[in-house]
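The values are calculated or read from the model by the stated rules, or taken from the named source; none is laboratory data. Predicted model, so just to flag it, every value in this text is computed and none were measured. Cβ sites come from the backbone with ideal geometry, for glycine too, and all protein chains shown count toward neighbours. Ligands, DNA and RNA are stripped out before the accessible areas are found, and what is left, the full protein with its side chains, is counted by its heavy atoms. Shrake-Rupley method; radii C 1.70, N 1.55, O 1.52, S 1.80 Å.
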Amino acid sequence: MSLSTGKAAQAKKLSGQDVQAQYSQFQSELQALAQKIGELETEADEHELVLKSLEECQPDRKCFRLVGGVLVERTVKDVAPALQTNRDGIRKVLESLIVNYKKKEEDFHNFQHEYGIKTAANAPNSPTRS
């Protein structure tokens with residue numbers, strides 16, 4: 001039996017409660033990914049703002065950086081490259097999370113289609129009652 005056939009056979013065996021549990025799990029995973037993406041976008045924006053502010057400063061100017069909960073004194077020329085590296089790392093992680101989110105969302109839509117799950121958001125407009 002191939003792997004895809006095994007998955008299809010297993011998916012057909014899900015009971016109503018299992019389908020509901022799987023649906024809830026998809027929703028919570030998507031929500032968690034969206035929340036993490038939002039947090040990282042905010043963090044990347046903050047790094048960008050700080051870097052723009054530091055561009056206007058003299059390279060030998062004193063600045064402070066929070067490292068592991070400890071405020072340390074550095075110079076702009078020491079801090080700016082580290083901030084750029086952190087920002088770039090955050091962006092890479094963000095891109096990866098967005099790809100994961102899109103894949104999970106596609107899996108969720110396939111799951112909904114497979115089990116005929118319709119929600120108010122994706123159901124066709126129903127006639128309104130007078």
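The simple spin-label model puts a point 7 Å past each Cα toward its Cβ; for ALA82 and GLU105 those points are separated by 3.6 nm. The 3J(HN,Hα) values that the Karplus relation (6.51, -1.76, 1.60; θ = phi - 60°) gives for the range 108-121 are, in residue order, 5, 5, 5, 4, 4, 5, 4, 9, x, 7, 10, 10, 4, 6 Hz. Gly and Pro appear as x. In the range 11-130, taking the dipole from charged Cβ atoms about the Cα centre, the farthest positive-side position among VAL72, HIS113, GLN35 is held by HIS113.
Spacing of the modelled spin labels on HIS113 and GLU39, each 7 Å from Cα toward Cβ, amounts to 3.2 nm. Electrostatic bookkeeping for GLN22 treats Lys and Arg as +1 and Asp and Glu as -1; over the other residues with beta carbon under 11 Å from its beta carbon, the sum is -4. The portion of the accessible surface of the range 3-113 made up by carbon and sulfur, rounded to a whole percent, is 51 (1.4 Å probe; DNA, RNA and ligands excluded). Computed over protein heavy atoms with a 1.4 Å probe, the accessible surface of the range 13-130 works out to 76 Å² per residue. Between the amide H of THR75 and those of CYS63, distances stay under 5 Å, these residues lying 5 or more places away or on another chain, with hydrogens modeled in the peptide plane.
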